[in-house]
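The structure under discussion appears below in the form of structure tokens.
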Amino acid sequence: MQLSKTLTASPSDTRAAETLAELLAGRFSCRAFRPDPVPTATIERMLTMAQRSASWCNSQPWQVIVTEPPATDRFRAALLEHVGATGQPEQPDLPYPLGYFGVYRDRRRECGWQLYDSVGVKPGDRAASAVQARENFRLFGAPHVMIITSERDLGVYGAVDCGLYVGNLMLAAQSLGIATIAQAALARCSPFLHSYFDIPDSRSVVCGISFGYADHTHPANGFRTRRADLAEAVTWVRD
């Protein structure tokens, strides 16, 4: 078998690292999209790039459902109706965190208040915060959404592999000028998603990803979350 040509950066050539750094710095969770659809060929290129993601034993557990207009609008309407009728989304296929404590709680709150500040939600205004939360199920106006699933029998390893795939997929999108937001909120509607998209019980919903072209004029896209310093995340063992 002949291997395809690959780009391997040399230590003296930093162009690949600089490009990756730019993509990482430029990517953000888009919370307002323009209605313009992304060409199918561009979506296929993004998916092809992400397909090179590493996985445990090369199992490649991810399966991806992708919507295009007008199917996205039908799904959006059905999802909003479902969430409105049930009041609260159901339990996800994969368990949510038991809680956010310490620095994880602080980071979560900081991100939430950045969003609320950007769109004018005042502290304690539960009605306004509920309206903003509903945007998750309106897919933030995106013309496309993906549903990522993993084989249930692969358990946490399959979910971890899908997480790596999602990260690479969002970087591939960024390289093509496509904005994304990974949505755990959609995974909380797992029973509805199984029914709507005929997802077999043997697969677990990991997350959704709404995507399209960013509306840079919308205030919800006007803030960026910070990242912890290396000292907070890395422990060196040298001796």
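Which helices count as membrane-span-like in the chain under these terms: full DSSP H, at least 27 Å along the axis by C-alpha, Kyte-Doolittle mean of -0.5 or more? Going by DSSP H runs, the hits are 155-175.
Using a Förster radius of 25 Å, what is the FRET efficiency between residue 239 and residue 17 based on their Cβ-Cβ separation? Nearest 0.05, please.
0.30
Roughly what % of Cα-Cα distances in the range 110-239 sit above 27 Å, to the whole percent?
Result for the distance tail: 33 percent.
The calculated P(r) of the chain, using every Cα pair and 10 Å bins from 0, goes 7, 26, 37, 23, 6, 1, 0 in percent. Here the extension length gained between residue 202 and residue 104 equals 32.1 nm, from 0.36 nm per residue of separation less the Cα-Cα distance. Using R0 = 25 Å, the C-beta based FRET efficiency linking residue 74 and residue 118 works out to 0.25. Distance between the 7 Å Cα→Cβ label points at residue 223 and residue 60: 4.0 nm.
Laboratory data are not the source of any read-out in this text; all were calculated from the coordinates shown. As the structure is a prediction and not an experimental result, all values here were calculated from the model. Ideal geometry is used to build each Cβ from the backbone, glycine not excepted, and the neighbour counts take in all protein chains shown.
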